[in-house]
Amino acid sequence: MKTYTLLIFLIGLTLNTKGQDQLIQKKIDSLQKERDKLIASIYPKQIEKLSQQNDSLEKERLKFVSYIENINTQIGGNLKEIQSLQQGLPLPKFEKQTIIVKGSIPLKTAPDLTSNIIYWIATGDEIIVVDYINNDWAKVISKNYTGYVLGSFFDSYPEINNQIREFKNHNEKVINLSKTQSLNGTTNSPSQANTLSNTNYQSSYNTTTSSYYNSRTIRTGPRGGRYYINSNGNKTYVKRNR
């Protein structure tokens, strides 16, 4: 009788324990749901806010990078103009042109393929082309951003392309004159030499050897390969006989 009573007690205790476990689990599930609701109502807003702040900071960073690169480009441009003036060949003046973009293009922080993209200029956007950097890049203003676009993009814009041709022709004259002076043993004055030695202010995009073919800048890479930059921003290699 005692054994039977003890067995009944243990069964009742077990059932009671299971009931308590289920009740505790229900409370845990309820608290978990409340926690999920709280996270869904609060943290996404904070995450969105922080993400917006990061986007804004990234835009400011790109503006700052673009500003620094713009200063470097101006210094390099001034040095190039000084060199041209010393040779009696003043640079052509670029007339600003406002155009409507016919195709999507990247606006870069610097006149260099490896530079950051500020944003993609969309088809139909209005841009102001303010200058040509004389190494196949155009300086552009778009939506309060100042950046650079490949000069080959403007092949279908005669009013800009004609000016680019003029700059390229001028650059070729400077190169030819420099070669002639070198062959004739003509040297620059000390002040000129110092000026030309300061070209380290210019960005790395000026370090490649350049020539021209069909109004495109033909570059020679470190391994001797010759190429030009197409309108998509990619290299297109040309045959040696060019």
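If each residue's Cβ is checked for other Cβ atoms within 10 Å, how do 236, 114 rank with the fewest at the top? Please list the in-between numbers first.
Details: 236 13, 114 8.
With the sparsest Cβ surroundings first, the list reads 114, 236.
Per residue of the stretch 120-127, in order, report the coupling 6.51 cos²θ - 1.76 cosθ + 1.60 (Karplus, θ = phi - 60°) as ³J(HN,Hα) in whole Hz, putting x for Gly and Pro.
8, 6, 8, 4, x, 6, 9, 10
With θ set to phi - 60° and the Karplus curve 6.51 cos²θ - 1.76 cosθ + 1.60, what are the ³J(HN,Hα) couplings of the stretch 25-37 in order, to the nearest whole Hz, using x for Gly and Pro?
In residue order, the calculated couplings are 5, 4, 5, 4, 4, 5, 5, 5, 5, 5, 5, 4, 5 Hz.
Under a straight-distance cross-link criterion of Cα-Cα below 18 Å, which lysines are reachable from residue 139, leaving out those fewer than 8 residues away in the same chain?
63, 80, 93, 96, 102, 108, 168
What FRET efficiency comes out for residue 122 versus residue 85 if R0 is 30 angstrom and r is the Cβ-Cβ distance? Round to the nearest 0.05.
On the way: r = 40 Å, r/R0 = 1.32.
So, using R0 = 30 Å, E works out to roughly 0.15.
Can you give the net charge of the other residues whose Cβ lies under 14 Å from the Cβ of residue 39, counting K and R as +1 and D and E as -1?
Details: positive: 33, 35, 37, 45; negative: 34, 36, 48.
Net of charged neighbours comes to +1.
Quick one: order 153, 64, 167 by neighbouring beta-carbon count within 10 Å, fewest to most.
Values: 153 26, 64 11, 167 19.
Starting with the residue having the fewest Cβ neighbours, the order is 64, 167, 153.
No lab work stands behind these numbers, since they all come straight from the coordinates. Because the structure is a prediction, the values reported are computed rather than measured. Backbone-built Cβ (ideal geometry, glycine too); neighbour counts: all protein chains shown.
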